[in-house]
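Colleague: First the structure, which I've put down as structure tokens, then a few questions once you've had a look.
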Amino acid sequence: MPDVRLVNVTKKFGKIVAVDNVSLHIYDKEYFSLLGPSGCGKTTLLRLIAGLIQPDEGEIYIGDRLVNDVPPEDRDIGFVFQTFALFPHMTAWNNVTYGPRVKGFDVRKAETIGHEVLEMVRLHERLDAFPNELSGGMMQRIAVARALAAGAKLLLLDEPLGQLDAKVRNELRYEIRRMTKDLELTAIHVTHDQSEAMAISDRIAVMKKGKILQVGTPQELYINPQSIFVAHFIGESNFLEGYVSNISGKTTIIELRGGIKVQAVNNKGVKGGEKVLLAIRPEIFTVEKGKKEDKNAILGRIERVTFEGTNVRYEIRLKNQDLIVIVKPSLTGEWFNMGEEVTVSFPTEKAHVFKYPDVGLKEEIAVE
């Protein structure tokens, strides 16, 4: 099975730079996701790998082969579209066996492949059904089966679950990962849904405006974001503005608005006196009733309580008027009420310090 390498790849559409000098290595048998907001270039990148469009600059390798000038049908890829793209006049069976037949396989081999992949996607009993007789989830499984039946070594998935309802989407994403892992394929999955990418990916590339901001495992991206955008786009973060009061060894002292001083150790190269943003995940905070004296402890008042099933979401106005969000499990621990005075605190090692962006926070985290 192939790995995929992109070396300094750029693609422009007129004055728009859709993919901007991207270099990336996707490993053999890896389930890899391209994640980012609409218009960030992730689908363009996938189409470049597929050969549906050609790069203006750079090189694309599948395995050891340079494929810049290789047509899509000779790249050993399977492409699964968001819109299913099944032949409406063909049954599920004919859709799935179309690839082997076009490639000149003999009838017996094509039929064997068809039976195997339909069993794999658990739709063998619907082989005589036409696309309009299938649910959205079934149609997408047939689309995956068709790609697999064609002998794809590299599976490319462009928002494959985008048109499905939430429950079917959640079930099918694990099915697609299971199939690709069972067949030891390399898969590249495009999505704007961070929960989808986090759930199924070995690694993720986060994109914005044609560039890759960070590549890592879901855990790496969540626990150690390297930019404000990644901290915002992967999961959720509270951003508190302040200035670097002092740096002592690995510890950075931040003075927030209102003269509140807190400490952090995840310092992204900031200097003394610089304006910074402190990024803290909602579930990192500890919440206690009343006023408490402790390191990184800030007094606040609960403004809103929202029950979200497994979690309770608290919006808390700090004494310096900053508003933060804290998420706690709903079935364990203590609940707090609107209007209640509380003290919130956070571990020094789990807060991240970023230089305040020149364009401002709103523009820095904008998804379009």
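Colleague: Quick check on this structure: which one of K295, K355, K289 is closer than 19 Å to I253 by Cα, touching a residue at least 40 places away in the same chain (Cβ under 8 Å) and in contact with an Asp or Glu (Cβ under 9 Å, 6 or more places away or on another chain)?
Modeller: Result: K355 is the single residue among K295, K355, K289 that is closer than 19 Å to I253 by Cα, touching a residue at least 40 places away in the same chain (Cβ under 8 Å) and in contact with an Asp or Glu (Cβ under 9 Å, 6 or more places away or on another chain).
Colleague: Condition check: aliphatic (A, V, I, L, M), modelled with pLDDT under 95, over 30 Å from L164 (Cβ atoms) and buried (at least 23 other Cβ atoms within 10 Å of the Cβ). Does A187 satisfy that?
Modeller: For A187, the condition - aliphatic (A, V, I, L, M), modelled with pLDDT under 95, over 30 Å from L164 (Cβ atoms) and buried (at least 23 other Cβ atoms within 10 Å of the Cβ) - is not met.
Colleague: Checking S135 against (1) farther than 30 Å from A231 by Cβ; (2) among the polar types (S, T, N, Q); (3) touching a residue at least 40 places away in the same chain (Cβ under 8 Å), which single condition isn't satisfied?
Modeller: Looking at each condition in turn, S135 falls short on (3).
Colleague: Just to be sure before I move on: is I212 touching a Phe, Trp or Tyr at 6+ places or on another chain (Cβ under 8 Å), on the phi < 0 side of the Ramachandran plot, crowded, with 20+ Cβ neighbours inside 10 Å and in a strand (DSSP E or B) in the structure I sent?
Modeller: no
Colleague: Scan segment 147-169 residue by residue and report those that are at pLDDT 85 or above and surrounded by 23 or more Cβ atoms within 10 Å (Cβ to Cβ).
Modeller: Those that are at pLDDT 85 or above and surrounded by 23 or more Cβ atoms within 10 Å (Cβ to Cβ): L154, L155, L156, L157.
Colleague: For residues that are in contact with a helix residue (DSSP H, G or I) (Cβ under 6 Å, 6 or more places away or on another chain) and among the aromatic types (F, W, Y), scanning just segment 28-79, find the one that is farthest from L154 (Cα to Cα).
Modeller: Going through the qualifying residues, I end up with Y31.
Colleague: Looking at K289, K275 in this structure, which one is basic (K, R) and either at pLDDT 95 or above or touching a Gly at 6+ places or on another chain (Cβ under 8 Å) (or both)?
Modeller: Going through K289, K275 in turn, the sole match is K275.
Colleague: Could I ask something else about it? Look through E236, E220, E241 and report the one residue that is among the acidic types (D, E), modelled with pLDDT of 95 or more and not in a helix (DSSP H, G or I).
Modeller: Working: E236 fails: modelled with pLDDT of 95 or more; E220 fails: not in a helix (DSSP H, G or I).
Residue meeting the stated conditions: E241.
Colleague: Another question, then. Among residues belonging to segment 277-314 that are outside any strand (DSSP E or B) and more than 32 Å from the chain's Cα centre (by Cα), point out the one that is nearest to F239 (Cα to Cα).
Modeller: Once the filter is applied, the top-ranked residue is K295.
Colleague: A follow-up question, please. Name the residue that is farthest from S201 (Cα to Cα), counting only residues in segment 5-44 that are aliphatic (A, V, I, L, M) and within 19 Å of the chain's Cα centre (by Cα).
Modeller: Out of the qualifying residues, it is A18.
Colleague: For the condition of a type outside the set (F, W, Y), more than 22 Å from T348 (Cα to Cα) and over 13 Å from the mean Cα position of the chain (by Cα), what is the one hit in K250, K209, K268? Walk me through it before giving the result.
Modeller: Values: K250 fails: more than 22 Å from T348 (Cα to Cα); K268 fails: more than 22 Å from T348 (Cα to Cα).
Step by step, each of K250, K209, K268 is checked, and only K209 is of a type outside the set (F, W, Y), more than 22 Å from T348 (Cα to Cα) and over 13 Å from the mean Cα position of the chain (by Cα).
The values are calculated or read from the model by the stated rules, or taken from the named source; none is laboratory data. If you're wondering where the values come from, they're calculated on a predicted model, not measured in any experiment. Positions of Cβ are generated from backbone atoms using ideal geometry, with glycine treated the same way; all protein chains shown enter the neighbour counts.
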